[in-house]
Each structure stands twice: as structure tokens, then as C-alpha cells.
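The values are calculated or read from the model by the stated rules, or taken from the named source; none is laboratory data. All figures in this text were calculated on a predicted structure; none of them were measured in a lab. When we count neighbours, we look across all protein chains shown, and the Cβ atoms used for this are built from the backbone with ideal geometry, even at glycine.
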Amino acid sequence: MNEHAKRRLFALGALAIGGAALFWVSAGQMGEDLVYYWSPTELLEHGASAEGATVRIMGMVEPGSTEWSPSDQRLAFRITDGAQTIAVLGQGAPPQMFRDGIGVVVEGELGSDGVFHSDTVIVKHNNEYKPPAEGEMPEEVYKALMKDDPEAAQRASLAAQEGS
Amino acid sequence: MTPETVGSGVIQGGWEYIYAAYALSWVMLIGYTASLWFRAPRGGEE
Amino acid sequence: MPPIESLPISPGAAVGLVALVAIVVANQRAGRTPWALPRWEHAFGLVGLCTILNGQYMGLFEAPRERMMGEVARILYVHVPSAWLTMVVFLFTFLFAVAFLFTGRKVFDQLVEATIEVGVVLAILLQCTGMLFAKPTWGMYWDWDPRLVSTAVMTLSFIGVLTLRSLVVDADQRATWTSVGAILASTSMAVTYYSVQWWRSVHQMQSSPDTVAKPIVLVLRINAFALLFLTVWFVARRWRIAAARAREDEAPPLPEEVLA
């Protein structure tokens, strides 16, 4: 076999192996057991067996659920996927983009009390990039939160979302 | 970050990350240009 | 800093004018055509340099703050173009590798070598700017997230192909194995691109002009074209090196004793 034919054979072999690998990966053969995070529903489906295992869960910060006490750096909020809601308790300030209604990934473990004890809060933002709407002051959301008035915070949050 | 800003949802400042990213892009561009320059074929080529 | 329109001259235009004057003066002295360039690719390099100066100026001082990310969104203008160009360059690596194996033409082998190296440089820039973007927005530099891991695997695969290439002595075998390796490594590029759709990732899906406001899209485009021009210049310059080395391999210089 001459050099040229050999190269073509190599090309076809490499393309076949690469294509097969890609198909295998895209068909989800390795994805199911290796998820980066669970949803609250999936975690709670596991019942008591989910307690104590270090996992990540992703959900939306339930509007008005955030309680932050600067004195002891205690952060409490609830995350929801629409069907199930889990109370999260963490230590330390979350990333600055943390707010009502944003997606977050929390890492930690579910306690027997049903509270998810988190040591890491990661903010997951979407692929939208927009300048602030005219006259919009997202700081208002935070001011409303500080007044300890969840309803006002929720209104401000909704107003901010509609402004986009 | 100050604890008071928790929940605002808006990132304040952060210019150190911005300048680091832009500076890094110039380090990479100039660095790679230099590496191409030193390896460029010499004599009769250019 | 004032917006770019209100400057007497934009940074890119200033550098471009100085460069043009320098080229014309140098050519006049050497008695060549005033606008002649030693190589065609330098035109791309010059346009890319001027465009990226303006693009980064706009990205830093003129583009609007993002609603939630504030100023930090300016990192987009270096991060996103490097992501696009990494993918484009590795896509060409794949095409050149297939072309080499099917035609056996040496120029494709040299282009595979050039595009892999430039792609790796862009991928490192991509990963580092991504980390600098992730810290203030997500809250961490690095995590074992599908998008971040697949990008790192892609970069390491192509570095592996370059290492393999440097280890093979025979020129024909080297060319064949580089292309085979490049095709296999290209798999990781496709995985990286689709990782945000196939798996749950903290990285957002690919954005599009529908999800990004117009002034941000404009500055992104300027920076993407700037990096595209610079990338063409890089690949062409790297290809000259590969071509010169191939010529040396074919016609080794006479030993010193013979010349003396």
C-alpha cells in the first residue's frame, strides 16, 4: 500500500473514531451519572438517602425569601425549581449578583431538618446582556430588602425585571 | 465586598478584573508576536 | 474618558496613520512602491491592531454598563471574541488535517501546525479571561463545571498534538500523525461548543443578537473582527515559519567544511 492510500485510511479511521466518540457523548451515555447539579425536585426524590451527601443543587432564589444578617454573616434563602422548594442556610456573603429570582447553584448537604447547608453559592446568570433601562435603579431592590419588607422587595424585583 | 450590598443583584466596581483581562490580552498578543518575530525565517525571505 | 466620537482622532486611526507614514517613508528610502508591504498578511496585522485599539477603547470607556453586571460586563469584549476565534481556528485545523490526509499536500500539514499553535494561544486567553469574568459574576475562578472542564480538555488535547508532533522524527510520519491527532482532538472542540446544551452548566448558553443589547453587540463585533484580522496575521506568520522549516528539511544546508 502506498503512502497516499495509507493516509486516506488513517483519515477515515480518525474521522470514524472521532465521530463515534462525539455521538457517544452527545447521546448522553456519560452525562446521566455525572451531573454538575441537581434540581430541588431531583434531590427530594431521593428522600432520606440524599441527606448528608455533598451535592450541588440549582434553582431560582424565591423572591422575598432572602434573610441576611451582617452581624453573624448568616445567609438564609429558599431556592425553587417551580415544583419543589428547599430552604438554604449558608455562611458569608454571596456573589454580588445574588438577588431575588436569579438562578443559583449551591453546594453543600441536605440536613435531616430538611435545610440545605451550603458552603458555596454560585450565581448562574442567563445569556442576556442589556444596559439599565432609562431611569432604572436596581439599587432600589436592595433598599427595599433592607427595610425588611419582603413584599416591597418583591415589587421592586418585578419592576426591575419588567424594565428589561 | 461590603455586607450591606447583599441582595442588590448589581455588581459594584470590579475594575481590577476588567483591567486584568484587558492587560492579559495585550500580554498574550505582544508575547505571541514576539515569539513569532524571534522564530521568523531570516535571510532572503523577507 | 470621553466617548470615541468626541476624540480629535481615535486611538486606532492615530496608530494607523503613524504606521502608514512610517511604511511610505521606509519604502521611499529603499526606492520601492510607497505602499508596498513585504508580505500580504501585514495588511491584516495592521488593520487588526488599529481595530482592536478602537474596539478596546470603546469596550472600556464607551460601552454601556450592564444592568446587573455593571462595569464587569466589559470583560465580554475580550472574552467572547477569543472564544469565537478559538473555535474558528480549531475548525480550520480540522479542515486542514482532513485535507492533508486526503491530498498529501505539504502546505496543509504546515497550516495544521500553524492553526493548532495559534488556537492554543487563543484558548489560553479564553480560559484566563473567563476565569477573570467568573470570579466577580459567578463567585469563583474555577469549578468542575462541564463548560470549563471541556474547554481545558480541548486546550490540553491540542497541546498534546503539538507535543506528539515534536516527538516524531520522520517528516512523513510526523505529518500523518499530526493530522490524525488533530482530527481526534477536534472532537473535544465540538464537545466544548455543545457542552452548555448537553449538560447542566453554570455557564450560560451561547448568546445571540436577540439576547444582547445593540450597543453591546456593536462593540463585540468590532472586537471580534479585530481579533479575526490579528488571527489571520498570526496564522500566516506561523505558517511562514513552518514552510521555511520544511524547506530546510528538504534541502539541508551544506556542512561548514564543504563551504570552507
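Data for the structure
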{"item": "Boolean, C:GLY104 is of a type outside the set (A, V, I, L, M) and on the phi > 0 side of the Ramachandran plot", "result": "yes"}
{"item": "Condition met for C:SER195 (of a type in the set (Gly, Ala, Ser) and more than 7 Å from chain A (Cβ to nearest Cβ))", "result": "yes"}
{"item": "Number of the exception - A:THR41 against (1) surrounded by fewer than 21 Cβ atoms within 10 Å (Cβ to Cβ); (2) not in a helix (DSSP H, G or I)", "result": "(2)"}
{"item": "Qualifying residue in the stretch C:105-116 (condition: surrounded by fewer than 18 Cβ atoms within 10 Å (Cβ to Cβ), under 18 Å from the mean Cα position of the chain (by Cα) and at pLDDT 95 or above)", "result": "no"}
{"item": "Residue count, the stretch C:221-252 (criterion: modelled with pLDDT under 95 and farther than 21 Å from B:PHE38 by Cβ)", "result": "3"}
{"item": "Any hit, the stretch C:39-51, residues being assigned to a helix (DSSP H, G or I) and surrounded by fewer than 15 Cβ atoms within 10 Å (Cβ to Cβ)", "result": "yes"}
{"item": "Hey, A:GLY108 under 23 Å from A:VAL35 (Cα atoms), within 14 Å of chain B (Cβ to nearest Cβ), surrounded by 17 or more Cβ atoms within 10 Å (Cβ to Cβ) and of a type in the set (Gly, Ala, Ser) or not", "result": "no"}
{"item": "Only one of A:THR80, A:THR85, A:THR66 that is among the polar types (S, T, N, Q), farther than 25 Å from C:VAL149 by Cβ, at the interface with another protein chain (Cβ under 9 Å from one of its Cβ atoms) and crowded, with 16+ Cβ neighbours inside 10 Å", "result": "A:THR66"}
{"item": "Hey, C:SER6 polar (S, T, N, Q) and either free of Cβ contacts under 8 Å to residues at least 24 places away in the same chain or under 30 Å from C:MET189 (Cα atoms) (or both) or not", "result": "yes"}
{"item": "Sole exception among (1) within 14 Å of chain A (Cβ to nearest Cβ); (2) at pLDDT 95 or above for B:GLU4, by number", "result": "(2)"}
{"item": "From the options C:ILE222, C:ILE216, residue that is within 13 Å of chain A (Cβ to nearest Cβ) and surrounded by 18 or more Cβ atoms within 10 Å (Cβ to Cβ)", "result": "C:ILE216"}
{"item": "Given (1) of a type in the set (A, V, I, L, M); (2) surrounded by fewer than 18 Cβ atoms within 10 Å (Cβ to Cβ); (3) more than 15 Å from the chain's Cα centre (by Cα), number of the condition C:ALA134 does not satisfy", "result": "(2)"}
{"item": "Members of the stretch B:7-34 found to be surrounded by 15 or more Cβ atoms within 10 Å (Cβ to Cβ) and either modelled with pLDDT under 95 or among the small types (Gly, Ala, Ser) (or both), listed by number", "result": "B:GLY7, B:SER8, B:GLY9, B:VAL10, B:ILE11, B:GLY14, B:ALA20, B:ALA21, B:SER25"}
